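The values are calculated or read from the model by the stated rules, or taken from the named source; none is laboratory data. Remember, it's a predicted structure, so these values are computed and weren't measured experimentally. Cβ sites come from the backbone with ideal geometry, for glycine too, and all protein chains shown count toward neighbours. Each accessible area value is taken on the protein alone, full model and side chains, heavy atoms only, with ligands, DNA and RNA left out. Shrake-Rupley method; radii C 1.70, N 1.55, O 1.52, S 1.80 Å.
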Amino acid sequence: MPNQDNTVPNQNDTVLWAEDDQYTIDMIAPELYARLYEENVTLEVAQDGASVLRRLQDAEGAVKLVVLDLQIELGDGFEEFFPGPVGNAGAGLTVARVLRTKNPNVPILFLTLYPVDSVAQWVEQQQLEEGKARRTMLLAKNSRTLKSAWLPDLIVRAAVSGAFRRRAFIVHGHDHDALHQLKNYLQNTMGLDEPIILHEQPNHGRTIIEKFEDESSPADLVFVLLTPDDKVLDPSADADADARARARQNVIFELGYFYGQVRGQDGARRVILLKKGPIEIPSDLSGILYIDISQGIMAAGEEIRKELRLPSANDPATRLGRAQVIPS
């Protein structure tokens, strides 16, 4: 389990977690501790802001990432590190500001129950300055985020790489040109980790649904390529009626899977629909927003770029797409 003794310097690579709520610790710590152990990284928990700053002072570069509860208590001796007023945003933001002056390269992840505009603005300003190698992130601390498989994965990858690099899962049909364009754009233009494509992953003796659930769980971004892969005829129509184009059935099934996960929830996984050409969409999906990629992925790049903005506590990111609406 995590080391909660913050007075003993530990020269191993460390993720320092500032959290005083035992329920939150119990939700994340076991999985996170196990994942970090595989990377020879230690997880330490600090109970207040002063303990965080004291540990950072003693660590001498060993701390590779800091997770901050925005509402953490100041703690005894906090004024040694920051004698000025803390303000309404809480100790978490003050700790982050002190940390940035001492070591601007350590990634910081805020987890908070209560969105604060000043914190969101500070995080967004940090992200603008950081560019692709983002070292600051703000997430809502709710049950869905805490139970997610991708949160430990996000923390571990940031601790190892030194930046928050989002992981995308691509749902696709038979349009492999669109698939490869999207993969190349996300990985090489936007700087994301290599996207997860199901058929490229090893089977390990799993059923298809087991493999799908396992491989998609670490993703915090899902791109669904709605491309005209199948043609169908209405049996009640005339014999010479034109066939209608549809996306593959597995694409609609997987879209429904992810849509059911985010619908009405405050998680941070985002599902983005990319629609190519005139295709028939199930009536249950009428009104859902999408991005038109009929002219290619690069032509839709600006709309995709907008959707890749990191979600925050003020941006629960439960919507699908943004650019246009699938008609009823």
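Per the Kirkwood formula applied to alpha carbons, segment 21-86 shows a radius of gyration over Rh ratio, Rg over Rh, of 1.00.
Annotation note: trypsin sites (Lys or Arg not before Pro) in segment 187-255 located in DSSP loop regions with a Cβ neighbour count of at most 15 within 10 Å are 206.
Each Lys or Arg adds one and each Asp or Glu takes one away; over the other residues whose Cβ falls under 15 Å from the Cβ of residue 26, this sums to -3. Residues 42, 112, sorted by accessible area with the largest first, give 42, 112 [1.4 Å probe; ligands and nucleic acids excluded]. With K and R counted +1 and D and E -1, the other residues having a Cβ less than 10 Å from that of residue 206 yield a net charge of -3. Of the residues 229, 284, the one with the largest accessible area comes first in the ranking 284, 229, computed with a 1.4 Å probe on protein heavy atoms. If R0 is 30 Å, the Cβ-Cβ spacing of residue 200 and residue 73 corresponds to a FRET efficiency of close to 0.05.
Stretched out straight at 0.36 nm per residue, the stretch from residue 253 to residue 105 would grow longer than its current Cα-Cα span by 49.1 nm. Between residue 149 and residue 184, the modelled labels are 3.0 nm apart [label points 7 Å from Cα along Cα→Cβ]. With both labels modelled 7 Å from their Cα along Cα-to-Cβ, the residue 284 to residue 233 distance reads 2.7 nm.
Note on residue 244 and residue 24: the model spin-label points, each 7 Å out from Cα along the C-beta direction, lie 4.9 nm apart.
On a 25 Å Cα-Cα criterion, which of the cross-link pairs 64/211; 231/306; 183/275 come out too long?
Details: 64/211 32 Å; 231/306 32 Å; 183/275 16 Å.
Long pairs (Cα-Cα over 25 Å): 64/211; 231/306.
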